[in-house]
Amino acid sequence: MSETLRGRLRLLLVIFSVLTGLIITRLISLQFGSSVSFFEDQYKLASSYPIKITPPRGRIFDRNGELLATNDVQYALGLSPDFVTDPEGMAKVLAAVLNRPVEELVAITQPAPAGADVAKYVPIQKPVSAEIGEKLLAMQRDPAGPDLNGLIVEPFQTRTYPGGTLAANVLGFVGYDGKGYYGVEEFYNEILSGHPVVGIKQVVPFDVALNPAPDQGADLYLTIDRGIQFLAQETLANALQYYGGESGSITIMDPKTGRILAMAVSPSYDPNKFLTEPEANRANPAVSAQFEPGSTFKIITMASALQSGTVRPETTYFDTGHIEVGGVGITNWNGGAWGTQDMTGVLQHSLNVGTAWVSTHMGPQKFYDYLTAFGIGQATHIDLSGEAAGTLSRPGDPNWYESNLGTNAFGQGVAVTPIQLLAAASAVANGGAMMQPHVLERVSDGGVVHTTRPQVLGRPISADAANTLSSMLAVSLEREASNALLPGYRLAGKTGTAQIPIAGGYDYSKTIATFIGWGPVDDPKFIVLIKLDKPTASPWGSETAAPTFGEMVKRLVVLMKIPPDNVRQALAASGQ
């Protein structure tokens, strides 16, 4: 070999050695140098993006373990533009699967112009059904399938309500943002939703990262009884249809514990279809809509008068059919004079004049102190979202007038919610103790069970006054042969027919018909408020709300397994 050739070989070896050294040096620099974090960050930006990992939402059951709300799976579609290799082909596949115009999807899947900022994730559609989501995933896994590189098919949990409209306004719904709205879903959102965490979604299939596990949501068991709830909703629907009512509610509570057994409202909605249902139907007027209660409020006035010693059942007055309070004349519902009446007669004939006579004899200080003790004008703090507090003006308030002392006594000029009125009347049914109304029975959280305990809101009257008034109300129903009565069971209750306030006065053509009743009188197991808005068959609560109560209680005592009074009392006497 010539010296020239050897020289050239040595030169080449030197060159290759230098180049190899430079490459190795560069590799070491890339692996361990100051630019390592930059390239790692660039890779992460291109191959992954952060996502919120949401735990399964807690389920909701009725008091007997019947499922009211659970979770289902739907999908969200998006794409990562950097990884799309066949935008036109993907657009055609998605157009066929999603039944959307191909031109619209081509505009989404096309790569961005050179130099433009490109999002790492472009949303296509949310939600899509589990059927469509799984179909697209199967296409991606199929080697012979269409080119869907860059398409991101992500499952996400959605809420489903097996009963549809059953207890919908109690439950509320969960939006696609994962938050609860209205009812239990909103009030207990934090307990139900658990605690989500932020993880990493990998675009490159072979690059797998472990993500943290979120805290699970807790399961809730409500005081609602599915069977009683169904009965209340069916009864309300039938009553509104039969009496031509515009809307209404039926609330059933255990007066001894405050547990809500059913809360039906109409109009209602299907929380599975919350996006397409009227938004106005989502609220729960049993807790959020205040109204002037009319004659059912006479229960509160008479309870206050008995407790204060202003009257006794046998106290009499002479009803001339008219009384003036604060310069305003008050007449009875029929404009008639009823002569000498005792306090049971005031309730039996629902006399406005008699009730105003009672409140004026109490005096404003005593009267309004008792209304406050009954929770009028205050929220009950029931565990449902959107509760209103009602409206009560007291002496000294700018909008209180002396005439209010008379009109407030029979439920005019004072506003309550159905749950507020029911809670106040429950003190009479429950021996003077007003219980906190609630819908949560217990929480099951990872095997740990927390059970709620009944709470006393207050004791506005004594047991003697409560029992005396219950008996007076039972007698008044019996003397009237009310349609609310049920043979074999002694019940107490009061009808109400309230005018509806409008600008400048009251609408004399429409009413709100109500009935509050409880039983059995000697051992109450339920208290019920029937409210029918603007019935057209008859304006009177005695002819609409009272018979609705009677029809429902026929089935309610069967569902609650309450024997007739004589059977129950005989069993109790025998120790069974």
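Overview of results
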| quantity | calculated |
| --- | --- |
| Peptide ranges 417-426, 76-85 listed from the most packed, as the mean C-beta count within 10 angstrom indicates | 417-426, 76-85 |
| Contour excess over end-to-end distance, with Cα ends at Phe230 and Lys120 and 0.36 nm allotted per residue | 34.7 nm |
| Partner lysines for Lys120 [C-alpha distance under 29 Å; skip if fewer than 8 residues away on the same chain] | Lys44, Lys52, Lys92, Lys135, Lys179, Lys201 |
| Most to least packed among 157-164, 310-317 [average Cβ atoms within 10 Å] | 157-164, 310-317 |
| Candidate values [x] 1.11; [y] 0.99; [z] 1.23, label of the one derived for Rg/Rh (Cα atoms, Kirkwood Rh) | [z] |
| Mean residue ellipticity (222 nm) of the chain, computed from DSSP H runs ≥ 4 via -39,500 (n - 2.57), nearest 500 | -11000 deg cm²/dmol |
| Two-site label geometry, Ser129 and Thr20: point separation in nm, points 7 Å out along Cα→Cβ | 6.5 nm |
| FRET efficiency for Phe83 and Ala388, using Cβ-Cβ distance with R0 set to 60 Å, rounded to 0.05 | 0.70 |
| FRET efficiency, Arg442 to Ala570 (Cβ-Cβ, R0 35 Å, nearest 0.05) | 0.55 |
| Cross-link reach list, lysines versus Lys561, counting only Cα pairs under 19 Å and skipping chain neighbours closer than eight places | Lys256, Lys525 |
| All Cα pairs of the range 119-181, percent lying beyond 13 Å | 71 percent |
| Relative contact order of the range 470-559, pairs being alpha-carbon contacts under 8 Å that are 6 or more residues apart, as % | 29 percent |
| Within straight-line cross-link reach of Lys126, aspartates and glutamates at Cα separation under 12 Å, skipping those fewer than 8 residues along the same chain | Glu154, Asp177 |
| Over 14 Å [Cα-Cα, the range 410-465], rounded percent | 64 percent |
| Extension gain (nm, one decimal) between Gln455 and Asn71, 0.36 nm per residue minus Cα-Cα | 135.0 nm |
| Separation of the Glu543 and Leu559 label points, Cα + 7 Å toward Cβ, nm | 2.9 nm |
| Net charge of neighbours whose Cβ lies under 10 Å from the Cβ of Ala91, counting Lys and Arg as +1 and Asp and Glu as -1 | -2 |
| Alpha-carbon centroids, the range 363-388 and the range 272-308: separation in whole Å | 13 Å |
| Sequence ranges 470-478, 564-572, 126-134, ranked by mean other-Cβ count within 10 angstrom, highest first | 470-478, 126-134, 564-572 |
| Average Cα contact separation per residue, the range 334-485, under 8 Å, 6 or more apart, as relative contact order % | 25 percent |
| Volume in Å³ per residue [convex hull over Cα atoms, computed for the range 339-426] | 104 Å³ |
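Taken together, the values in this text are just the output of simple stated rules run on the coordinates, not laboratory data. From a predicted model like this one, the values you see are computed outputs, not experimental measurements. Note: ideal-geometry Cβ built from the backbone for every residue, glycine included; neighbour counts use all protein chains shown.
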